[in-house]
Amino acid sequence: MATLFLYSNTFSFFFITLVSLALLILRQPSRAASCTARPVIFNFGDSNSDTGGLVAGLGYPIGFPNGRLFFRRSTGRLSDGRLLIDFLCQSLNTSLLRPYLDSLGRTRSSSSAISNPDHSSSLLVQGMFISNNGFKNALYMIDIGQNDIARSFARGNSYSQTVKLIPQIITEIKSSIKRLYDEGGRRFWIHNTGPLGCLPQKLSMVKSKDLDQHGCLVSYNSAATLFNQGLDHMCEELRTELRDATIIYIDIYAIKYSLIANSNQYGFKSPLMACCGYGGTPYNYNVKITCGHKGSNVCEEGSRFISWDGIHYTETANAIVAMKVLSMHYSKPPTPFHFFCRR
């Protein structure tokens, strides 16, 4: 079993209050946030926002204890419960997104990485289920970047080699958004990438002493930061080029790094340790024995962890991230998530 920790009454009370507040807000959206017509959402993202695409499309095995909270079964999500995108959907009082290959509903999801983009074909398949009006009024969520940076480092590229790839990645994202625009898309919600260097997986696999004050890999986070700066600049350009489109940039990096840097304030005692994995402290991650596989261990329900499996976040952490996203303090320009709804 992963190491468990006891908390003072003050931290326990703060943690329970914060998470309870986050869940209350997300489960009971205000009337202003609700959509009168069922919203249409297309999600183009990596595994952080995959609601079952790997399972539906490739048959990738994602078993229990994934999904042990809320769903009480594995739903193809790489988490113990709901993802950020699930909470955002609940804030609209609508159904959760399901992968288009496993759904007949109108609200769709498509997992993708920019290094192997398939936006056009995904869009065509999803487009079979909605009208032209649906395309125009839909929200297009882009949550891509982490995999591209991680793959570059994993292939043995240096920091400088990885950074040189960023302009090409940004260019491909921009071209993809323009293709969506040409198909009728006008509302875009773009997440930047999180602090890659704080993931237990990277910390356990990369032998480096180049760590920041919170124990995260400096080179990985610096590359993520440069990518985010390029993405922000790209959004500025698109606002000029696509004047009738709404383009919202969300600083996920700032939100997630805050959870690491201020972990005690959020009730997380070991912010760099995975809840589900193998290897114990300090990271509880082993690439050969990952979460859900024979030999892996999992923390008890109710334990306070940011990372679920060394790569993806727990439902508890996702709830806090969602609350901060919905606050509009991290969106540029400040925009409520329900801006695309017909009310």
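The values are calculated or read from the model by the stated rules, or taken from the named source; none is laboratory data. These numbers were taken from a predicted model, which means no experiment stands behind them. For neighbour counting, all protein chains shown are included, and Cβ atoms are generated from backbone atoms with ideal geometry for every residue, glycine included.
Given (1) on the phi > 0 side of the Ramachandran plot; (2) at pLDDT 95 or above; (3) surrounded by fewer than 24 Cβ atoms within 10 Å (Cβ to Cβ), where does residue 284 come up short, assuming only one miss?
For residue 284, the exception is condition (3).
Please enumerate the residues belonging to segment 299-332 that are acidic (Asp, Glu) and out of contact with any strand residue (DSSP E or B) (no Cβ under 9 Å at 6 or more places or on another chain).
Answer for segment 299-332, where residues must be acidic (Asp, Glu) and out of contact with any strand residue (DSSP E or B) (no Cβ under 9 Å at 6 or more places or on another chain): 300, 301, 315.
Against the condition in contact (Cβ under 8 Å) with a residue 12 or more places away in the chain, under 19 Å from the mean Cα position of the chain (by Cα), in a helix (DSSP H, G or I) and within 22 Å of residue 46 (Cα to Cα), how does residue 255 come out, does it pass? It would help to see each step written out before you state the result.
On the way: in contact (Cβ under 8 Å) with a residue 12 or more places away in the chain: yes; under 19 Å from the mean Cα position of the chain (by Cα): yes; in a helix (DSSP H, G or I): yes; within 22 Å of residue 46 (Cα to Cα): yes.
Criteria met by residue 255.
With the requirement that a residue be surrounded by fewer than 24 Cβ atoms within 10 Å (Cβ to Cβ), over 21 Å from residue 338 (Cβ atoms) and under 24 Å from the mean Cα position of the chain (by Cα), what does segment 131-147 give you?
Answer for segment 131-147, where residues must be surrounded by fewer than 24 Cβ atoms within 10 Å (Cβ to Cβ), over 21 Å from residue 338 (Cβ atoms) and under 24 Å from the mean Cα position of the chain (by Cα): just 147.
Output the number of the condition that residue 317 fails; it satisfies all remaining conditions of (1) part of a loop (DSSP other than H, G, I, E, B); (2) buried (at least 23 other Cβ atoms within 10 Å of the Cβ).
(1)
If you check every pair at least six apart or on different chains, which have Cβ atoms under 6 Å apart with a residue in segment 44-61 that is within 13 Å of residue 77 (Cα to Cα) first and a residue that is at pLDDT below 70 and among the polar types (S, T, N, Q) second?
50/111; 51/109; 53/111
Return the pair list, or none, for Cβ contacts closer than 6 Å from residues in segment 164-175 that are closer than 12 Å to residue 145 by Cβ to residues that are assigned to a helix (DSSP H, G or I), at least 6 apart or on different chains.
165/152; 166/226; 166/227; 166/230; 169/148; 170/230; 170/234
Given the conditions (1) free of Cβ contacts under 8 Å to residues at least 60 places away in the same chain; (2) more than 18 Å from residue 69 (Cα to Cα); (3) crowded, with 24+ Cβ neighbours inside 10 Å; (4) not acidic (Asp, Glu), and given that residue 249 satisfies all but one, which numbered condition is not satisfied?
(1)
Between 295, 279, which is modelled with pLDDT under 95, on the phi > 0 side of the Ramachandran plot, out of contact with any Cys (no Cβ under 7 Å at 6 or more places or on another chain) and surrounded by fewer than 16 Cβ atoms within 10 Å (Cβ to Cβ)?
One residue alone meets the criteria, 295.
Would you point out which residue out of 329, 338 is more than 14 Å from the chain's Cα centre (by Cα), touching a residue at least 40 places away in the same chain (Cβ under 8 Å) and either in a loop (DSSP other than H, G, I, E, B) or under 24 Å from residue 88 (Cα atoms) (or both)?
338 is the lone residue from the list that is more than 14 Å from the chain's Cα centre (by Cα), touching a residue at least 40 places away in the same chain (Cβ under 8 Å) and either in a loop (DSSP other than H, G, I, E, B) or under 24 Å from residue 88 (Cα atoms) (or both).
Among (1) of a type outside the set (Asp, Glu); (2) surrounded by 16 or more Cβ atoms within 10 Å (Cβ to Cβ); (3) more than 17 Å from the chain's Cα centre (by Cα); (4) part of a helix (DSSP H, G or I), where does residue 270 come up short?
(4)
Being crowded, with 22+ Cβ neighbours inside 10 Å, polar (S, T, N, Q) and closer than 22 Å to residue 188 by Cα is the filter; apply it to segment 16-67 and report the residue that is modelled with the lowest pLDDT.
51
Can you say whether residue 314 is closer than 27 Å to residue 65 by Cα, within 15 Å of the chain's Cα centre (by Cα) and in contact (Cβ under 8 Å) with a residue 24 or more places away in the chain, as far as the supplied structure shows?
Yes; evaluated as a whole, the condition is true for this residue.
For segment 328-341, state whether one or more residues are hydrophobic (A, V, I, L, M, F, W, C) and over 29 Å from residue 177 (Cα atoms).
Of the residues in segment 328-341, the ones hydrophobic (A, V, I, L, M, F, W, C) are 328, 337, 339-341.
Still in the list and also over 29 Å from residue 177 (Cα atoms): none.
No; the residues of segment 328-341 include none that is hydrophobic (A, V, I, L, M, F, W, C) and over 29 Å from residue 177 (Cα atoms).
Quick one: would you say residue 185 is crowded, with 21+ Cβ neighbours inside 10 Å, touching a strand residue (DSSP E or B) at 6+ places or on another chain (Cβ under 7 Å) and of a type in the set (Gly, Ala, Ser)?
Yes: the conditions hold for residue 185.
I want to confirm something. Restricting to segment 188-222 and keeping residues that are of a type in the set (Ser, Thr, Tyr) and out of contact with any strand residue (DSSP E or B) (no Cβ under 8 Å at 6 or more places or on another chain), which single residue is farthest from residue 341 (Cα to Cα)?
In this case the residue turns out to be 204.
Here are the criteria: (1) more than 22 Å from residue 259 (Cα to Cα); (2) part of a loop (DSSP other than H, G, I, E, B); (3) of a type outside the set (Gly, Ala, Ser); (4) touching a residue at least 24 places away in the same chain (Cβ under 8 Å). Tell me which single one residue 188 does not satisfy.
That leaves (2) as the condition not met.
Quick one: which residue in 134, 156, 197 is under 30 Å from residue 284 (Cβ atoms) and part of a helix (DSSP H, G or I)? Please lay out each step first, then the result.
On the way: 134 fails: under 30 Å from residue 284 (Cβ atoms); 156 fails: part of a helix (DSSP H, G or I).
Just a single option satisfies the conditions, and that option is 197.
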